[in-house]
Structures are given as C-alpha cells and as structure tokens.
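K.L.:
The structure's right below; bear with me while I get my questions together.
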Amino acid sequence: MSSTVPKDVLDTARSARRVAVLTGAGMSAESGIPTFRDKDFGLWTKVDPEELATPTAWFQDPARVWAWFAWRARVVQKSFPNAGHRALATWEKRERTTLDVVTQNVDNLHERGGSRAVTHLHGSLFAYRCDTCGEPYEGDLTLPHQPVERLTPPACPRCRLGNIRPDIVWFGEPLDRGRFERAIEAVESADLVLVVGTSGMVYPAAGLPAIARGQGVPVVEINPRESDLSDTVDLRWEVSAATGLPRLVEALER
Ligand code: OAD
C-alpha cells in the first residue's frame with residue numbers, strides 16, 4: 001500500500017473538470033462506522049442481512065429492526081467525517097470543477113464533511129417514512145444510547161395504520177428511480193469517476209463504473225484491498241480513503 005499519489009492517478013485527476021465519486025462503506029470506515037463485508041468487523045459477518053434488512057424482517061418484527069437501525073443512526077450521530085470526506089468537499093470547491101458524490105452509504109458524513117452535491121442511492125439513516133402510506137416522517141425520535149434488542153417504532157401520525165420505518169433501500173427493494181437516474185447522469189457526464197471503498201458486490205450501484213466506461217469515462221479505484229471492480233477499472237490506488245483522498249487533493253493544489 002503506497003501513500004504517494006501514483007502519477008497516472010494524479011494526471012487523470014488534474015485534467016478532470018467534472019468528477020463523480022462513487023462511495024461505499026470503506027469511505028466511512030475511518031470514522032468508526034463498520035463496513036458490511038470486511039472480515040472480522042463487517043456488519044454482515046455479525047448479523048444476517050435477511051434478518052434485519054428486508055421488508056419481510058420488518059413486517060415480522062418491526063421493533064427488532066427499528067432497534068438495530070436506530071442504534072446505527074446513533075453510532076453515526078456520535079461519529080465525525082474523516083479526512084477523506086473533507087478532502088472531497090475541498091475538491092468540490094476548486095475553481096472550474098464540479099464534483100458529484102454518489103454514495104451507497106446511509107450515513108450523513110459526506111454532508112457533514114462539507115459536500116453539497118450528494119446522492120444517496122440506498123437512502124439515509126436520518127430519513128423516515130410510513131411503511132403503509134409512504135408519508136415522510138419528521139416527528140421526534142429518540143435514539144438509544146446503548147444497543148437494544150427491541151424498540152417500538154413510532155406509529156404514523158397521518159394514516160394511523162402504519163409504522164415509521166427508515167427510508168433505506170432494503171434487500172429486495174428497488175432503488176429510488178430519480179436518484180438512480182441522477183447517479184447515471186453524474187457518471188456519464190463526468191470526465192473522471194472515482195470509486196472509493198466499495199466491494200462492488202451490490203447492484204445496480206456496482207454497475208455505475210461500467211456505465212461510465214461505456215461512455216469512455218476513465219474510472220479510478222481507491223481501496224486498500226482488491227474489490228469485485230478492480231479488474232475492470234482503468235487505474236487503482238491501494239490506499240485508504242482518509243489517507244489517499246487528502247493526498248490527492250493536496251497534490252492537485254500544487
Ligand atoms: P462492503 O462492506 O461490501 O465493502 C467495503 C469496501 O471498503 C471493501 O472493498 C473494503 O476493502 C473497502 N475498505 C475498507 N476500509 C477502507 C478504507 N479505510 N478506505 C477505503 N476503502 C476501504 O460495503 P459496500 O460496498 O458499501 O446496502 O456495500 C454495498 C451495500 O451493501 C451497502 O450500501 C449496504 C450493503 O448491504 C444497504 O445498506 C442498502
């Protein structure tokens with residue numbers, strides 16, 4: 001793993017005016033948010049996604065699922081954007097540059113790190129809606145201070161029939177169409193797509209780099225380990241997000 005910016009990565013970044021950055025859980029790992037599939041500390045190595053992140057799980061036992069998501073929201077609330085998030089915000093502010101973040105992450109660390117154009121493909125831990133009438137929910141919520149087994153979700157104040165659920169895309173659910181179209185537009189119109197901290201295993205998000213390459217847009221991967229996308233990208237830099245991104249953005253300033 002080298003922390004010196006590879007020359008070909010720097011040259012590609014220097015010439016880019018429209019940058020799209022596709023991020024995954026590795027982007028927030030150095031903020032203390034667990035990834036999903038990393039050995040030892042990945043969330044899905046500890047819990048079965050089928051038990052906690054599917055509509056079936058929710059309708060069987062909303063209190064169990066709500067407790068788990070509420071705890072994850074609390075963990076994010078207590079964490080801070082890392083140097084990688086902040087570097088992307090700095091890059092976005094450079095003259096004659098647009099930078100779109102397309103994230104699979106449900107945390108809010110890109111926004112808190114200063115990025116303005118963020119598309120959340122998989123929803124957000126901080127957005128809620130009724131599981132029956134779909135009405136967005138902006139009422140009060142109490143997030144637990146410790147992990148708890150069960151927590152009753154609020155009842156929908158509008159239809160009074162449903163429960164309030166996280167506005168997150170669970171396994172088996174489609175992506176929000178508008179958000180996915182925005183993501184496609186961002187990668188197709190970019191002159192650089194940077195892929196940071198994703199295993200590239202979950203589609204359709206993992207298909208975005210190929211869509212970009214189909215339009216001739218160069219794709220650069222930043223990830224300390226190989227991913228499912230590594231063989232298909234144009235350039236790779238084996239480095240962590242919080243080390244690599246600040247180095248890259250500092251090098252652009254020179
Ligand atoms: P994964 O857990 O599948 O992959 C995390 C990736 O981050 C791996 O490729 C790691 O090598 C890399 N990584 C780890 N630490 C890193 C660091 N410090 N800097 C850079 N990279 C690092 O997470 P995702 O690819 O985001 O879905 O998973 C995709 C989706 O699967 C998630 O959005 C989630 C999950 O089910 C939903 O929540 C809907």
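K.L.:
State which residue pairs qualify: first residue within 29 Å of V76 (Cα to Cα) and inside region 10-30, second residue modelled with pLDDT under 95 and open to solvent by 40 Å² or more (accessible area, probe 1.4 Å) in any location, beta carbons under 7 Å apart, and separation of 6 or more residues or different chains.
P.N.:
Going by the 7 Å Cβ cut-off, the qualifying pairs are A25/F36.
K.L.:
Residues of region 11-35 being among the basic types (K, R) and in a loop (DSSP other than H, G, I, E, B), which ones?
P.N.:
Scanning region 11-35 gives a single hit, R17.
K.L.:
Check D176, D167 and return the single one that is acidic (D, E) and in contact with a strand residue (DSSP E or B) (Cβ under 6 Å, 6 or more places away or on another chain). Full working, then the answer.
P.N.:
Details: D176 fails: in contact with a strand residue (DSSP E or B) (Cβ under 6 Å, 6 or more places away or on another chain).
Selected residue: D167, the only one of D176, D167 that is acidic (D, E) and in contact with a strand residue (DSSP E or B) (Cβ under 6 Å, 6 or more places away or on another chain).
K.L.:
Next question, about the same structure. So, W44, is that one away from the ligand (no atom under 12 Å from the Cβ) and under 30 Å from T152 (Cβ atoms) or not?
P.N.:
no
K.L.:
Go through (1) modelled with pLDDT of 95 or more; (2) more than 19 Å from A205 (Cα to Cα); (3) not in a helix (DSSP H, G or I) for E111 and report which single condition fails.
P.N.:
Condition not satisfied by E111: (3).
K.L.:
State which residue is farthest from the ligand (Cβ to nearest atom) when the search covers only region 157-212 and only residues that are open to solvent by 20 Å² or more (accessible area, probe 1.4 Å) and of a type in the set (F, W, Y).
P.N.:
Looking at residues that are open to solvent by 20 Å² or more (accessible area, probe 1.4 Å) and of a type in the set (F, W, Y), I get F180.
K.L.:
Kindly list the number of the only condition in (1) open to solvent by 50 Å² or more (accessible area, probe 1.4 Å); (2) under 20 Å from L121 (Cα atoms); (3) part of a helix (DSSP H, G or I) that fails for D8.
P.N.:
Condition not satisfied by D8: (2).
K.L.:
List the number of the failed condition for D38; all other conditions in (1) more than 9 Å from the ligand (Cβ to nearest atom); (2) open to solvent by 10 Å² or more (accessible area, probe 1.4 Å) hold.
P.N.:
With (1) more than 9 Å from the ligand (Cβ to nearest atom); (2) open to solvent by 10 Å² or more (accessible area, probe 1.4 Å) applied to D38, the lone miss is (1).
K.L.:
Please verify whether R94 is at negative phi and surrounded by fewer than 19 Cβ atoms within 10 Å (Cβ to Cβ), treating the condition exactly as stated.
P.N.:
Spelling it out, R94 is indeed at negative phi and surrounded by fewer than 19 Cβ atoms within 10 Å (Cβ to Cβ).
K.L.:
While we're here: Every residue in region 243-253 that is near the ligand (Cβ under 10 Å from one of its atoms) and surrounded by 21 or more Cβ atoms within 10 Å (Cβ to Cβ), please.
P.N.:
Of everything in region 243-253, those that are near the ligand (Cβ under 10 Å from one of its atoms) and surrounded by 21 or more Cβ atoms within 10 Å (Cβ to Cβ) turn out to be G244, L245.
The values are calculated or read from the model by the stated rules, or taken from the named source; none is laboratory data. Just so it is clear, the model here is predicted, and its values are computed rather than measured. Positions of Cβ are generated from backbone atoms using ideal geometry, with glycine treated the same way; all protein chains shown enter the neighbour counts. We work out accessible area using only protein heavy atoms, side chains counted, and drop any ligands, DNA or RNA first. Shrake-Rupley method; radii C 1.70, N 1.55, O 1.52, S 1.80 Å.
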